[in-house]
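Every number here is computed from the coordinates shown, using simple stated rules; none is lab data. Bear in mind that the values here come from a model prediction, so they are computed numbers and not experimental data. Ideal geometry is used to build each Cβ from the backbone, glycine not excepted, and the neighbour counts take in all protein chains shown.
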Amino acid sequence: MSTQHTPRRSLGSWLLIAAPFLWLLIFFLAPFFMVFKISLSEIAIAIPPYLPTFDLDGGWAALVDDLKSLSIENYLWLTEDDLYWKSYLSSVQIALISTLLTLLIGYPLAYGMARSPKAWRPTLLMLVILPFWTSFLIRVYAWVGILKNEGLLNQLLLWLGVIDEPLVIMNTNAAVFIGIVYSYLPFLVLPLYATLEKLDESLLEAAQDLGCPPWKTFWTITVPLSIPGVVAGCFLVFIPAVGEFVIPDLLGGSNTLMIGKTLWVEFFSNRDWPVSSAVAVILLLILVIPIVLFQNHQQKLSERA
C-alpha cells in the first residue's frame, strides 16, 4: 500500500501566506479596533475629547470594569437623530447613481480600448490613467472653475447659443455626480478593460460563422463574460463614493447630504469623537456586509459549476 504524504510548506511559503494577513492586521483591524473603542466611549471636555475605554494602563481589573460598563449610547443616538440615517441613505443613493453613470460611460470606453489595434492600446491605457498624475484635490478644484455660473462650460454654451442664461450646476447633486464619475472612471475602466482584453475571440468568430448578428453576439457572449470586470469596477467606484467627502464638500451644496460630510462635521466641528467613530463603524458595516455576502454567493456558484 502506498501512502501519500502532504508536502511540507517551506518557511518562505508561510511568510508569503502570512504577509497579506499581517498587512490586514496592521492597517485595517488595528485602526478599526481603535475607532470601535472610541465609539464605545463618552464625550468629554479633554484632550482627546472622550473618556478612554479598554485602558490597559489600569491593569486587568480596570479592563474588566470597562467590559462591564460598555455603552452603546452613541449607536442608539444614531437611530434617534434622523440626520444620520438620512445621510446614509443619501450617500448610498448618490453612490449607486454615480456607479451606474460611470458604468454607462466606462463600458463603451473599455470595450473600445479592448477592440482597438494592439499598437494603440498602451497609449489609450496611458490616457486613462493620466489624471492620476495630478493631485485629486486639484482635479476636483478644476471642476469648480468649469461648472460655476461664469465657468468655462456656461461660457461655451452661451457662445454656441445653446442657452440664453447660465446653467446652475455648482452646489447641486448634478455637480457631485459629475465629480464622482470623472474622478472614479479609471477605477471602473481598468478592471473592465483587463477582462475584455482577455476575452476569447474565437467565441465571437464562431457566433458570426453561425449567423449571429453583432448586437446579439455582444449581449449573449461579450456582456456575460465581462461580468467579473463589471462587478470589480463597480465595487471600486461604489465603495469610496459612499464615504466621499471632498467632492460633495467642494461641488455640492448645503442640500447635498452625504455621510462623509456628516462625519467630518461631527469629528472636527462638534469635536464629538465617540459619535463620529460610531458613524464610521456603521458605514464600514454597510459596505463590508453586502460585499461578504456577495462573495460567499459567488463562491457557492463557482463550487456548483
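Below is a table of values for the structure above.
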| read-out | value |
| --- | --- |
| Radius of gyration and maximum dimension Dmax of the chain, Cα, Å | 25.1, 90 |
| Packing-based ranking, highest mean first, of 101-108, 214-221, 257-264 given that Cβ atoms within 10 Å are counted | 257-264, 101-108, 214-221 |
| 5 angstrom amide H check on Tyr50, placed H, neighbours 5+ away | Ala44 |
| Net charge contributed by nearby residues that have their C-beta within less than 13 Å of Ala114 (K/R +1, D/E -1) | +1 |
| Lys/Arg +1, Asp/Glu -1 at C-beta; the range 79-304 dipole; positive extreme among Val181, Ile247, Pro108 | Pro108 |
| Burial ranking of peptide ranges 134-145, 233-244 (average Cβ count within 10 Å, highest at the top) | 233-244, 134-145 |
| Percent RCO, i.e. relative contact order, over the range 79-304, from Cα pairs under 8 Å lying at least 6 residues apart | 29 |
| Listed residue (Leu196, Thr256, Val168) projecting farthest to the positive dipole end of the chain, Cβ model | Leu196 |
| Length gained when the stretch Trp264-Ala142 is fully extended (0.36 nm per residue, less Cα-Cα span) | 41.7 nm |
| Residue among Ala206, Ala194, Ala280 with the largest mean-square fluctuation in a Gaussian network model of the chain, springs linking Cα atoms under 10 Å | Ala206 |
| Cα-based shape type of the range 77-193, given that a ≥ b ≥ c are square roots of the gyration tensor eigenvalues and the cut on a/c is 1.5 | oblate |
| Spin-label model distance (nm) - Val162 vs Leu83, 7 Å beyond Cα toward Cβ | 3.9 |
| Net lengthening on full extension, Ala18/Leu51 (0.36 nm per residue, minus Cα-Cα) | 8.3 nm |
| Simple label model, 7 Å out from Cα along Cβ direction - Leu210 to Ser71, nm | 6.7 |
| Extended-chain gain in nm, criterion 0.36 nm per residue less alpha-carbon gap, Ser135 and Leu101 | 9.9 nm |
| Prolate/oblate/rounded call for the range 160-215, Cα gyration tensor, a/c under 1.5 rounded | oblate |
| Normalised contact order of the range 192-286, rounded percent, pairs of Cα under 8 Å and 6 or more residues apart | 21 |
